[in-house]
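> Okay, here's the structure, questions in a sec.
The values are calculated or read from the model by the stated rules, or taken from the named source; none is laboratory data. Note that this is a predicted model, so its numbers are computed, not measured. Backbone-built Cβ (ideal geometry, glycine too); neighbour counts: all protein chains shown. Please note that ligands, DNA and RNA were not included when accessible areas were found on the heavy atoms of the full protein model with its side chains. Shrake-Rupley method; radii C 1.70, N 1.55, O 1.52, S 1.80 Å.
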Amino acid sequence: MGFTMVRKKPLLVALLLILLGGTTVGALNYTAGNEDSVTRILGYDVYKIEGSGNYIIYYPLPNGSVKVLKKGKAGSFFPTFVKVPRHEWIKELSTDEKALYAPPTPLILYITKDGKLGVKSITSSRIKLESEKTLNLKGDYQVQAKGSCPRGWIDFGGRYCLNPQWDLYFDSRAKAKTFDEWVSVMGLKIENWATEKVDFDWHLVLSKSTYSYWTVGIDVGPFTVLSVSKGHHFEGWALDVYYKTNGPVPIYSRTWERYLSIRVEYIVAHAKVPAYDKLTKRYVDIGIVQTYPIKIHSTGDYNIKELGEGWRFEKSAGQNPPKITKTPNIWSISREAEWKRKWIGNTGNWEEAVFIKQLQANSLSSKSSLSIPIGYAAGNYLTGISPTLGKLASALSLTFGFHKYMNAVSIAVYDVDIKPRKNCYSMYSVLGVNVGTERIKVNVPVVFSIITDGGSSSPPCNPRTGVCVESTSPRER
């Protein structure tokens with residue numbers, strides 16, 4: 001009997017350890033199922049990566065490198081532990097300066113088992129790699145191509161095949177750079193004496209309820225895929241700018257322009273992934289670029305009056321005051337933007353040319369977001385690396401979402417009224433982006449409007465037909 005009991009003790013201990021181990025893994029999996037935030041244990045982010053396919057989790061660093069934090073396959077029974085070096089950005093951003101800052105979130109790039117590609121920000125512990133919510137890299141029927149991929153390559157189902165060792169190439173070729181420059185947020189251009197007078201009110205409030213979004217651009221030959229993915233909300237000091245006319249302003253010059261610029265710091269991360277083009281039967285690179293605003297240096301409270309021939313800061317208190325200029329501080333209005341146009345007849349009466357009001361909501365929508373073009377320095381940098389990245393530079397913008405957070409307030413109001421001198425058009429652009437990797441498309445306003453009679457080649461689109469053409473000027477591409 002004693003001998004039997006001795007033999008049973010190790011078995012009981014083993015069974016107990018198995019049960020405890022299973023309970024621990026089950027508890028970790030339950031913890032990692034958090035869909036609202038990231039669970040952290042002993043300094044590690046705990047993720048439950050569901051679905052199928054291969055992925056890499058990566059993170060841009062202040063020194064210009066992109067650190068791959070984890071590679072693996074989705075669908076593991078065990079949760080994934082990842083050490084995210086957020087402290088490097090927090091140390092970089094949280095200075096004594098009275099600014100707004102949003103540390104970047106990690107990103108995941110993945111290829112599903114059936115050959116679909118997805119890129120998104122990681123803001124919760126539960127990560128779903130769903131093939132039905134990936135980016136569409138097939139294009140339309142005109143760019144489909146028959147033929148097979150090289151042996152072992154991943155077929156996207158359309159024109160391109162991806163190198164099976166794509167993650168290794170991404171790891172070795174990914175880079176990041178931080179830019180700190182003045183970038184125009186809002187703008188207005190009146191052409192060919194189209195109006196007698198103009199009256200406008202622009203109001204921008206950025207605060208802790210403003211969220212920074214990753215904007216992702218992928219060049220796949222004849223078209224560009226754009227998506228946005230929610231990042232972190234801003235911390236620190238708010239910005240409140242109110243810029244308006246001091247009564248109706250007469251327009252005497254052939255071209256009249258005003259732009260509101262603030263000092264913005266943002267990340268540009270980029271990489272090239274080797275692919276095979278079945279249409280041309282050539283090996284090519286698919287370019288990927290991500291942008292993310294990390295700091296708003298312009299903070300404080302400002303009241304600015306437009307006097308017609310100049311402007312005056314009536315009330316000014318803060319850091320890095322906004323600038324009013326007659327030329328835009330941007331690389332380009334996105335060539336992927338759609339221009340909204342409105343015909344305005346010369347009735348002799350005042351007419352509303354453009355009215356946009358962006359307020360807070362629980363998710364990104366056309367009424368709770370704002371996009372501003374990247375600056376000239378970033379556009380010039382990407383263009384200098386390669387034509388592919390230059391093409392993406394002319395498509396990207398910095399995206400902000402206005403979401404409810406505590407008692408903070410974020411808004412953007414853009415109101416322009418005109419008294420026409422002749423029949424004319426008012427135009428402004430919106431940038432169509434996929435939200436995350438879902439097939440929900442949101443038209444994010446880019447508030448640079450043009451009032452024109454159509455007699456100039458300056459607008460990127462013909463106001464009468466709506467047909468858009470490429471320009472050779474980087475500021476108008």
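> Starting from residues that are hydroxyl-bearing (Ser, Thr, Tyr) and assigned to a loop (DSSP other than H, G, I, E, B), keep the ones in the range 368-386 and report whichever is surrounded by the most Cβ atoms within 10 Å (Cβ to Cβ).
Applying the first criterion (hydroxyl-bearing (Ser, Thr, Tyr)) to the range 368-386 yields 368-369, 371, 376, 381, 383, 386.
If we keep only those that are assigned to a loop (DSSP other than H, G, I, E, B) as well, we get 368, 386.
On the way: Ser368: 23, Ser386: 15.
Checked the range 368-386; the qualifying residue surrounded by the most Cβ atoms within 10 Å (Cβ to Cβ) is Ser368.
> I'd like to verify a number: residues in the range 80-92 that are surrounded by 16 or more Cβ atoms within 10 Å (Cβ to Cβ), among the hydrophobic types (A, V, I, L, M, F, W, C) and farther than 14 Å from Leu107 by Cβ, how many?
Count: 1.
> In the range 400-431, which residues are more than 30 Å from Gly236 (Cα to Cα) and either open to solvent by less than 30 Å² (accessible area, probe 1.4 Å) or in a strand (DSSP E or B) (or both)? Give the steps one after another, and end with the answer.
Applying the first criterion (more than 30 Å from Gly236 (Cα to Cα)) to the range 400-431 yields 416-429.
Listed by number, the residues that qualify are Val416, Asp417, Ile418, Lys419, Pro420, Cys424, Tyr425, Ser426, Met427, Tyr428, Ser429.
> Of the residues in the range 352-362, how many are buried (at least 17 other Cβ atoms within 10 Å of the Cβ), farther than 16 Å from Phe400 by Cβ and not β-branched (Val, Ile, Thr)?
Residues in the range 352-362 being buried (at least 17 other Cβ atoms within 10 Å of the Cβ), farther than 16 Å from Phe400 by Cβ and not β-branched (Val, Ile, Thr): 1 in total.
> Consider only pairs whose beta carbons are under 9 Å apart and that are at least six residues apart or on different chains; among these, list those whose first residue lies in the range 35-61 and is without any contact (Cβ under 8 Å) to a residue 24 or more places away in the chain and whose second residue is part of a strand (DSSP E or B) and open to solvent by 30 Å² or more (accessible area, probe 1.4 Å).
Leu42/Phe81
> Which one of the conditions (1) assigned to a strand (DSSP E or B); (2) open to solvent by 30 Å² or more (accessible area, probe 1.4 Å); (3) within 30 Å of Ile57 (Cα to Cα) does Pro293 fail to meet, given that it meets all the rest?
Evaluating Pro293 over (1) assigned to a strand (DSSP E or B); (2) open to solvent by 30 Å² or more (accessible area, probe 1.4 Å); (3) within 30 Å of Ile57 (Cα to Cα) leaves (2) as the failure.
> What residue, of Thr215, Thr245, Thr224, is surrounded by 20 or more Cβ atoms within 10 Å (Cβ to Cβ) and within 21 Å of the chain's Cα centre (by Cα)?
Values: Thr245 fails: within 21 Å of the chain's Cα centre (by Cα); Thr224 fails: surrounded by 20 or more Cβ atoms within 10 Å (Cβ to Cβ).
So the residue among Thr215, Thr245, Thr224 that is surrounded by 20 or more Cβ atoms within 10 Å (Cβ to Cβ) and within 21 Å of the chain's Cα centre (by Cα) is Thr215.
> Sticking with this structure for a sec: Suppose we filter Ser229, Ser172 for residues that are buried (at least 20 other Cβ atoms within 10 Å of the Cβ), at pLDDT below 95, over 22 Å from Thr452 (Cβ atoms) and among the polar types (S, T, N, Q); which single one remains? Write out each step before concluding.
On the way: Ser172 fails: buried (at least 20 other Cβ atoms within 10 Å of the Cβ).
Among Ser229, Ser172, only Ser229 is buried (at least 20 other Cβ atoms within 10 Å of the Cβ), at pLDDT below 95, over 22 Å from Thr452 (Cβ atoms) and among the polar types (S, T, N, Q).
> Looking at Ile56, is it open to solvent by less than 50 Å² (accessible area, probe 1.4 Å) and modelled with pLDDT under 85?
Working: open to solvent by less than 50 Å² (accessible area, probe 1.4 Å): yes; modelled with pLDDT under 85: no.
Judged against the criteria, Ile56 is not a match.
> Here's another thing I want to ask about it. Of the conditions (1) buried (at least 22 other Cβ atoms within 10 Å of the Cβ); (2) at pLDDT 80 or above, Phe77 fails just one. Which one is it?
With respect to (1) buried (at least 22 other Cβ atoms within 10 Å of the Cβ); (2) at pLDDT 80 or above, Phe77 is out only on (1).
> While we're here: Can you tell me which residue in the range 345-375 is modelled with the lowest pLDDT, limited to those that are hydroxyl-bearing (Ser, Thr, Tyr) and under 17 Å from the mean Cα position of the chain (by Cα)? Quick ask: steps written out before the conclusion?
Within the range 345-375, the first condition is being hydroxyl-bearing (Ser, Thr, Tyr), and the residues that meet it are 347, 363, 365-366, 368-369, 371.
Then keep just the ones that are under 17 Å from the mean Cα position of the chain (by Cα); that gives 363, 365-366, 368-369, 371.
On the way: Ser363: 90, Ser365: 94, Ser366: 94, Ser368: 96, Ser369: 96, Ser371: 96.
Restricting to residues being hydroxyl-bearing (Ser, Thr, Tyr) and under 17 Å from the mean Cα position of the chain (by Cα), the top hit is Ser363.
> Looking at the range 314-344, which of its residues are at pLDDT below 95, assigned to a strand (DSSP E or B) and open to solvent by 80 Å² or more (accessible area, probe 1.4 Å)?
Of everything in the range 314-344, those that are at pLDDT below 95, assigned to a strand (DSSP E or B) and open to solvent by 80 Å² or more (accessible area, probe 1.4 Å) turn out to be Glu314, Lys315, Glu338, Arg341, Lys342, Trp343.
> Okay, next question. May I ask you to list the residues in the range 60-74 that are part of a loop (DSSP other than H, G, I, E, B) and open to solvent by less than 70 Å² (accessible area, probe 1.4 Å)? Give the steps one after another, and end with the answer.
The initial filter retains those residues of the range 60-74 that are part of a loop (DSSP other than H, G, I, E, B), namely 61-64, 74.
Matches in the range 60-74: Leu61, Pro62, Gly64, Ala74.
> Among the candidates Ser365, Ser397, single out the residue that is closer than 23 Å to Tyr292 by Cβ and either open to solvent by 10 Å² or more (accessible area, probe 1.4 Å) or in contact with a Lys or Arg (Cβ under 8 Å, 6 or more places away or on another chain) (or both). Steps first, answer last, please.
Working: Ser397 fails: either open to solvent by 10 Å² or more (accessible area, probe 1.4 Å) or in contact with a Lys or Arg (Cβ under 8 Å, 6 or more places away or on another chain) (or both).
Unique residue meeting the criteria: Ser365.
> Would you mind finding the one in Gly152, Gly221, Gly231 that is over 23 Å from Tyr101 (Cβ atoms) and in contact with a Pro (Cβ under 8 Å, 6 or more places away or on another chain)?
Gly152
> Can I ask one more? Tell me which of these Asp240 doesn't satisfy, since it passes every other one: (1) open to solvent by 40 Å² or more (accessible area, probe 1.4 Å); (2) in contact with a strand residue (DSSP E or B) (Cβ under 9 Å, 6 or more places away or on another chain); (3) part of a loop (DSSP other than H, G, I, E, B).
(3)
> Same structure again: Please pick out the residue among Thr215, Thr245, Thr255 that is touching a strand residue (DSSP E or B) at 6+ places or on another chain (Cβ under 6 Å), within 23 Å of Thr347 (Cα to Cα) and hydroxyl-bearing (Ser, Thr, Tyr).
On the way: Thr215 fails: within 23 Å of Thr347 (Cα to Cα); Thr255 fails: touching a strand residue (DSSP E or B) at 6+ places or on another chain (Cβ under 6 Å).
When all the criteria are applied, what remains is Thr245.
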